[in-house]
1. Could you look through the range 223-257, keep only residues that are within 16 Å of the ligand (Cβ to nearest atom) and among the small types (Gly, Ala, Ser), and pick out the one that is surrounded by the most Cβ atoms within 10 Å (Cβ to Cβ)?
2. Starting from residues that are more than 16 Å from residue 60 (Cα to Cα) and assigned to a loop (DSSP other than H, G, I, E, B), keep the ones in the range 24-39 and report whichever is nearest to the chain's Cα centre (by Cα).
3. Filter the range 136-189 down to the residues that are within 15 Å of the ligand (Cβ to nearest atom) and touching a Pro at 6+ places or on another chain (Cβ under 6 Å), then identify the one that is nearest to residue 124 (Cα to Cα).
4. Determine which member of the set 99, 87 is farther than 22 Å from residue 50 by Cβ, surrounded by 19 or more Cβ atoms within 10 Å (Cβ to Cβ) and hydroxyl-bearing (Ser, Thr, Tyr).
5. Is the range 88-95 home to any residue that is among the aliphatic types (A, V, I, L, M) and not assigned by TED's automatic domain parsing to the domain that holds residue 198?
6. Within the group 9, 23, 40, 98, which residue is of a type in the set (A, V, I, L, M, F, W, C), within 16 Å of the ligand (Cβ to nearest atom) and either within 19 Å of residue 199 (Cβ to Cβ) or in contact (Cβ under 8 Å) with a residue 24 or more places away in the chain (or both)?
7. Please verify whether the range 83-106 includes one or more residues that are polar (S, T, N, Q) and closer than 22 Å to residue 202 by Cβ.
Amino acid sequence: MSSVSPLALRPDPAVLLDIDGVLHVGDEPIPGAVEALTELREIASGLRLVTNTTSRSRAEVAARLREIGIDASVDEMLTPAAMAVQYCATHDISNARLYVSDSLREDLTGLNEAGADQAPDVVVLGDIADRFNADTMNEIFRLLMDGARLMALQHNRYWQHGDGLMLDVGAWAAALEYATGRTAITVGKPSNDFYNAALASLGVDANSAIMVGDDIEADVNGAQTCGIQGVLVRTGKYRDGIASDRGFGPAAIIDSIADLPALLRS
Ligand SMILES: [Mg+2]
């Protein structure tokens, strides 16, 4: 069953889709997601896959989606890594120390990496999985105390792993923000720059787009802060009460992505 707030969804919108928790969880596609994506490609005025995934490169994300039957191309995917490169270029940041997965490095070749004995201007933090531990966090903390800025590739609190909830990059970044008393630069969702880049790549404005995700903050509230309608799905990391607990009002809440095509046609 779907529930829609008094705010009706915009007609013929461009659709921004979160990936993890919306199209799949782990290696399992969300039931109906493959068919819904096919239908959305026909009825939406444009489509982008906007993900905060920083554990893998765009090419690897697209390849893994195709492996589980979800048709996705690199060209329609927007990730925080591209925004990080753009941010450093436009803010004259020349030396970066990367705390990212090996896979992600191919999307960050536009950054200049600080040498081993060089003080970095910025520490770029992505999903480093098992390397999130006290040793790594203290190493980063010391770089920040020596003057480097922290760039969090995204600021999600947690994500839905195949076998349970996992702390996400935002939670680790928050520990570093707390310790240093300084706010991280965030380049992925929910940053306005990220959403505006997605709109620009489609050539549409916020008034003609909707964003669909399982994260009430990064997906729904982040989009709505930019004037994009946010649709929350009850899959992935969704838990009952999450919207009202945080005081956010999605334009619609649907059981899953499978319900979106019918909602847009209604
Ligand atoms: Mg998600």
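1. 223
2. Applying the filter and picking the extreme gives 30.
3. 153
4. Details: 87 fails: farther than 22 Å from residue 50 by Cβ.
Answer to the check: 99.
5. yes
6. 23
7. The answer is yes; a qualifying residue exists.
The values are calculated or read from the model by the stated rules, or taken from the named source; none is laboratory data. Treat the numbers as computed from the prediction; the structure is a model and nothing was measured. Neighbour counts run over all protein chains shown; Cβ positions are idealised from the backbone, glycine included.
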